[in-house]
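Let me begin by presenting the structure, written as structure tokens, before commenting on it.
The values are calculated or read from the model by the stated rules, or taken from the named source; none is laboratory data. Model, not experiment: these values are computed from the prediction. Reconstructed Cβ throughout: ideal geometry from the backbone, glycine too, with neighbour counts over all protein chains shown. Just so you know, the surface numbers come from the protein's heavy atoms only, side chains and all, with ligands and any DNA or RNA stripped out. Shrake-Rupley method; radii C 1.70, N 1.55, O 1.52, S 1.80 Å.
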Amino acid sequence: QAANNLALPLHNAGYPILGTSPLNIDMAENRETFSELLNNAGIDQPRWINAKNILEVKEFIREVGLPVLIRPSYVLSGSAMKVVFDERTLEEYLKEAFLISKEHPVVISEFIENAKELEIDGVAYKGKIVIHSISEHVENAGVHSGDATIIFPPERLYIKTVLKSKEIADKIVAGLQISGPFNMQFIAKQNELKVIECNVRASRSFPFISKVTGHNYITLTANVLLDNPPTKTYNTLDTKYVGVKSPVFSYNRFKGSDPVAQVEMSSTGEVACIGYDILETFYMSWLATGVNLKGKTILLSVHDRFKDKLLPIIRALYKNGWKFVATEGTHDFLVGFGIQSKCVFKVSDQIEPNIQKTISNKEADLIINLPYDIYSAASDTDGFAIRRLAIDYHIPLITNFQLTEMLLESLSLYYNEQSKVKSYNEFIGYKHA
């Protein structure tokens with residue numbers, strides 16, 4: 001991001017800048033001018049305001065409802081962004097977390113629940129796209145793109161969504177007259193697309209996309225910047241394989257941190273795998289992050305909103321010899337459907353068998369903790385205690401519902417299966433940029 005911040009000052013100082021005009025880079029970086037560009041092009045976006053006082057915040061919330069995403073411009077402590085689901089949390093956050101004034105306005109955006117997120121990475125020349133790739137996130141919108149598990153090419157997006165996202169990208173690229181790299185992020189819900197942002201720069205997905213497509217996006221960018229654009233066209237969706245990129249976290253190095261992926265980026269690295277089957281490739285990618293799954297016992301602590309949705313895959317794993325340990329509510333639910341589990345009490349109950357001893361004795365090989373609201377979790381909750389214990393005792397932990405679904409499906413098919421390893425060239429072969 002440093003280069004984008006320097007582009008306009010260098011331009012104003014008289015230095016020539018290759019590629020996209022710094023004035024247009026600034027148009028994309030500035031939320032108000034970019035929003036105006038989208039409105040003029042008839043492109044939908046989440047509703048938002050630049051609030052200068054608490055009354056403006058409350059008036060906006062009366063209009064769009066909760067939840068909302070808050071992005072303070074000046075932060076005294078804590079995270080820079082927060083998703084707020086209720087009035088009480090909103091009041092506390094506005095009073096304690098940041099100053100709000102004309103000098104320090106706060107961006108408040110509507111937060112769209114149960115929506116998919118997708119990205120377009122690409123290179124353009126004089127307002128026309130040269131090459132682009134559309135990838136999807138496993139996790140629903142609300143997880144920072146740097147913390148999301150990314151699939152390319154997309155396997156679970158509607159064709160209409162894919163085509164519409166390219167149509168929108170064409171308009172934005174033309175509006176900004178982009179010459180060089182760009183990354184756009186979208187929210188998709190029931191075939192309705194809303195633009196989150198457009199970064200007129202290379203993204204952290206560029207290396208991943210380059211490797212999976214076999215086309216070097218940085219080489220293409222360099223050629224465009226030197227006024228030497230490619231003359232051929234590219235079709236990056238037509239592949240016989242799939243790539244999955246998984247984030248790597250270092251929560252064990254940050255004592256007391258809550259190991260839940262949210263709107264602010266927490267990952268410290270990433271790994272990727274290429275394969276022919278989406279579930280096998282996802283499983284290999286997840287294992288490649290450094291997790292060690294030693295056995296077939298899963299500890300479950302799941303909010304009611306997720307239980308019915310996970311029941312079929314849990315039942316399939318149970319029939320396949322997997323064992324379950326569960327907190328009281330989840331245990332009662334499983335037993336009610338004929339799935340045996342060992343009941344453990346929460347840390348705060350101080351009753352045996354207690355989940356703290358279960359985890360410290362490593363009686364579970366995988367821990368799944370799905371709270372109702374990951375955005376307002378406090379350090380004094382039982383959910384936080386479970387998550388922190390999992391990290392401190394080096395037991396694989398999943399806290400996202402969509403990730404849980406995909407992992408459990410993968411385990412039912414590929415646990416202890418020998419993966420067929422192929423070289424990169426066997427998948428991709430060598431392609432010129």
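The share of Cα pairs per 5 Å bin across segment 301-385, counted from zero up to the longest distance, runs 3, 13, 24, 26, 19, 11, 3, 0 percent. The ellipsoid equivalent to the alpha-carbon distribution of segment 143-191 has semi-axes of 21, 16, 10 angstrom, derived from the gyration tensor eigenvalues as √(5λ) and listed largest first. The Rg/Rh ratio of segment 153-254, with Rg taken over Cα atoms and Rh as the Kirkwood radius over Cα pairs, comes to 0.99. Extension gain for Lys255 to Asn320 (0.36 nm times residue separation, less C-alpha to C-alpha distance): 19.8 nm. Peptide packing: for 362-369, 247-254, the average count of neighbouring Cβ atoms within 10 Å per residue gives the ranking 362-369, 247-254, highest mean first. GNM on the chain, alpha-carbon springs under 10 angstrom: the most fluctuating residue among Val421, Val106, Val291 is Val421. Please name which of Ala41, Met81, Leu287 has its Cα lying farthest along the dipole of the chain towards the positive end, using unit charges on Cβ (Lys, Arg +1; Asp, Glu -1) and the Cα centre as origin. Positive-end residue among those listed: Leu287. Computed over the chain with a Gaussian network model linking Cα atoms closer than 10 Å, the most mobile of Gly122, Gly336, Gly146 is Gly336. In this label model, Asp238 and Gln1 are separated by 3.9 nm, measuring between points 7 Å along each Cα→Cβ vector.
Remark: the Asn114-Asn354 segment gains 83.1 nm on full extension, using 0.36 nm per residue and subtracting the alpha carbon distance.
Percentage of Cα-Cα pair distances in the chain greater than 38 Å, rounded to whole percent? So the portion of pairs separated by more than 38 Å is 28 percent. If you sort His394, His11 by accessible surface, 1.4 Å probe, largest first, the order is His394, His11.
Computing FRET efficiency as 1/(1 + (r/R0)^6) for Lys420 and Asn216, where r is the C-beta to C-beta distance and R0 is 22 Å, gives about 0.25. Please check: in the Gaussian network model of the chain (C-alpha springs, under 10 Å), which one of Val325, Val260, Val64 has the largest mean-square fluctuation. Highest fluctuation of the listed residues: Val64. Rolling a 1.4 Å probe over the protein chains gives Leu163 an accessible area of about 110 Å². Net length available on complete extension from Ala174 to Leu55 is 39.1 nm, with 0.36 nm assigned per residue and the Cα-Cα distance removed. The magnitude of the dipole of the chain, with charges of +1 and -1 set on the Cβ of Lys/Arg and Asp/Glu and taken from the Cα centre, is near 1020 debye.
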